[in-house]
């Protein structure tokens, strides 16, 4: 049975949530940027956007999914920015594609949704257009799009330092996880401004990440780290604190923390059964919350 014309030659890639297991932040530097030290991991396809591409004479983007309405109000979509940057880099201006972004991840939610969308777009068009750029070349393009995009190009456990441009591989086990957003989006700039007000000048001392170990040992080690932006985000949006308390109440929860600049929070659980059960309980209690049970992958993701 042949595919209908509008489904022929469609290629699809996942754009998973990026979770900051810890995020240490230093005082703002001369260039207006804060130095960071963060361990990031990526979710499986249960917490991911989806990018589809089909050959076409021109570049175009269609938005669908539960998060599409909010993105339609944002003219600076990173999917189109990534497609345009890739086309310009290979100096083949006539390339086109009909792109579709199925938006599931919270917008401005602290899980790198837009950055992951951009990274997935680079991967899918690099293949579809037959450009053949390697990972290093794609990361170079990604750095022009945003500080989180190079990490999302790799899509595996990483330490992010500097302003996010210094990446190094990290070891971690697969982590059963529940992601919870209390229905809020926080502008990163506002969170950093409140952080500066609350924290005052602080120097950043980079930390060695925890060793891999099993899930319980790894989560216990992570308890000695922190997200420095969490107090600032809670000051701007107290619902984040309530979401964290709700996650911590769940049986089997080993650690609860905010990701990135918020407002998505995560809980690490002793096993996937506990994570799925916790997500179901939270959804029953908070029907307006965005909730996903997922697995943070210790190995590289297959797009």
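Worth pointing out:
- If you look at the Cα atoms of the stretch 175-296, you get an Rg and a Dmax of 14.8, 43 Å.
- C-alpha center-to-center spacing [the stretch 241-297, the stretch 126-178] in angstrom: 25
- Across the alpha-carbon set of the stretch 5-169, the Rg to Rh ratio works out to 0.97, Rh being the Kirkwood radius.
- From helices alone, the chain scores -10000 deg cm²/dmol at 222 nm; the rule is -39500 (n - 2.57) for each run of n ≥ 4 DSSP H residues, then divide by the residue total.
- Annotation: extensible slack from residue 283 through residue 11 equals 94.7 nm (criterion: 0.36 nm per residue apart, minus Cα-Cα distance).
- As a proxy for reagent exposure, ranking 18, 103 by other Cβ atoms within 10 Å from fewest up yields 103, 18.
- Radius ratio Rg over Rh of the chain, counting only Cα atoms, Kirkwood formula for Rh: 0.97
- Likely footprinting exposure, 249, 91, fewest C-beta neighbours within 10 Å first: 91, 249
- Taking the C-alpha atoms only, the angle from helix 272-285 to the longest principal axis of the chain is near 90 degrees.
- Taking Cα atoms only, the orientation of helix 188-199 departs from the longest principal axis of the chain by about 20 degrees.
- Orientation-averaged projected area, Cα convex hull of the stretch 237-289 (nm²): 3.5
- For the chain, the longest principal axis of the Cα atoms and the long axis of helix 135-145 meet at an angle of about 80 degrees.
- Cα-projected label distance for residue 270 with residue 156, points at 7 Å along beta-carbon direction, nm: 3.1
Each value in this text was obtained by applying a stated rule to the coordinates, not by laboratory testing. The structure presented is a predicted model; accordingly, all values stated were derived computationally and were not measured. No Cβ is skipped: glycine too gets one built from the backbone with ideal geometry, and neighbour counts run over all protein chains shown.
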